[in-house]
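Below you'll find the structure, written out as structure tokens, and then a few comments.
The values are calculated or read from the model by the stated rules, or taken from the named source; none is laboratory data. It should be emphasised that the depicted structure is a prediction, and the values quoted were computed from it without experimental measurement. Here Cβ is always computed from backbone atoms with ideal geometry, including for glycine, and neighbour counts include all displayed protein chains.
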Amino acid sequence: MNRFRPDRCPGVLRPWPAADGLLVRLRLPGGRVSATALHALAGVAERYGDGHVHVTTRANLQLRAMPGTGRLPDEVITALEATGLLPSRAHDLARNVLASPQTGLAGGRADLRPVVAALDAALCGDPELGRLPGRFLFVLDDGRGDLLDRPCDLGLVALGDGSAQLRAGDGWCPVVPLRKAHTHLADLARRFLDVRGTGPEAPWHVAELPEPLIQPVARSRDVPAAAPPLPFGPVPGGVHRKVPEEGLDRAAVARLCAAAPELVVTPWRGVLIPEETR
């Protein structure tokens, strides 16, 4: 696919000018968000935006109708940073990490929460990785198959024996120890930046590169079949609540925050309330 402009996926420092004002997106690696941060974000939405917190199919959060022309006012950026959801301005667009929402709560072959945390730390710890396109996506499946059908730039599938098979674009990559997977993924992300080139025509995605990012290998026999999306209602590990199309207002956020100290935003426009803390 030929590109003729840089990717314009929004963030905090690069909001999208929508018809109702600026649209701001905040990345949630693995979809995890503390009740404290979500409550604070709802306050920002109420003070500066349309009063709702919106969710995306990448398990991120958005605010709409925010003030400014092309850029948020400094006081709004400061308020968003105070939520704790923008730990690095330089990596505003780069922390796109999708993970199986139930990982570490119920089912799956591995708890990927430490892997997500280590990968996020690796991204934020390298200034170069802040140059990843805003649409560049890591997808981590804990072996249950719920994210197996999700297109990714880089990713992994846990195999259940302390290992994981890596993914790059449409291809499968070597099997690596799960404890080192974040290092391999960060290295592959750097390789992508090295080979994609620069300028408006540079690829946004691994699958758009003219040559494979890494020599593909056969899919492991231990990779599971794809699983259906997580249903709404009681599920193993908690309760999955659907987010209304108009987003979460202050009252809805307050109910969620009262239910658990940490929540998981899901890629099916929902919020998982962990059972262990309900």
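Beta carbons closer than 9 Å, at least 6 apart along the sequence or on distinct chains, pair a first residue in the range 28-48 that is farther than 15 Å from V271 by Cβ and modelled with pLDDT of 95 or more with a second that is surrounded by fewer than 19 Cβ atoms within 10 Å (Cβ to Cβ) and among the acidic types (D, E) for A45/D249; E46/D249; Y48/E75.
Only residues in the range 160-182 that are hydroxyl-bearing (S, T, Y) count as the first member; pair them with residues that are in a strand (DSSP E or B), Cβ under 8 angstrom, at least 6 apart or cross-chain, and list the lot. Matching pairs, first to second residue: S163/V175; S163/V176; S163/P177. Any residue at all in the range 244-254 that is crowded, with 20+ Cβ neighbours inside 10 Å, of a type in the set (A, V, I, L, M, F, W, C), in contact (Cβ under 8 Å) with a residue 40 or more places away in the chain and more than 26 Å from C124 (Cα to Cα)? There is at least one residue in the range 244-254 that is crowded, with 20+ Cβ neighbours inside 10 Å, of a type in the set (A, V, I, L, M, F, W, C), in contact (Cβ under 8 Å) with a residue 40 or more places away in the chain and more than 26 Å from C124 (Cα to Cα).
Put simply, of V115, V157 the only residue that is crowded, with 22+ Cβ neighbours inside 10 Å, touching a residue at least 60 places away in the same chain (Cβ under 8 Å) and touching a helix residue (DSSP H, G or I) at 6+ places or on another chain (Cβ under 9 Å) is V115. Condition test on A202, is it closer than 25 Å to F136 by Cα, modelled with pLDDT under 95, small (G, A, S) and touching a Lys or Arg at 6+ places or on another chain (Cβ under 9 Å)? Taking the combined requirement at face value, the residue satisfies it. Whether any residue in the range 83-97 is at pLDDT 95 or above, part of a strand (DSSP E or B) and surrounded by 23 or more Cβ atoms within 10 Å (Cβ to Cβ) is what I want to check. Yes, because at least one residue in the range 83-97 is at pLDDT 95 or above, part of a strand (DSSP E or B) and surrounded by 23 or more Cβ atoms within 10 Å (Cβ to Cβ). Among the conditions (1) touching a strand residue (DSSP E or B) at 6+ places or on another chain (Cβ under 7 Å); (2) small (G, A, S); (3) within 30 Å of P231 (Cα to Cα); (4) surrounded by fewer than 22 Cβ atoms within 10 Å (Cβ to Cβ), the only one that G107 does not satisfy is (1). Of all the residues in the range 54-79, those that are assigned to a strand (DSSP E or B) and on the phi < 0 side of the Ramachandran plot number 7.
Restricting the search to strands (runs of 3 or more DSSP E) fully inside the range 145-213 and requiring at least 3 residues that are closer than 19 Å to R95 by Cα gives 154-158, 163-168. Total residues in the range 247-278 satisfying the condition of being modelled with pLDDT of 95 or more and either assigned to a loop (DSSP other than H, G, I, E, B) or β-branched (V, I, T) (or both): the figure is 13.
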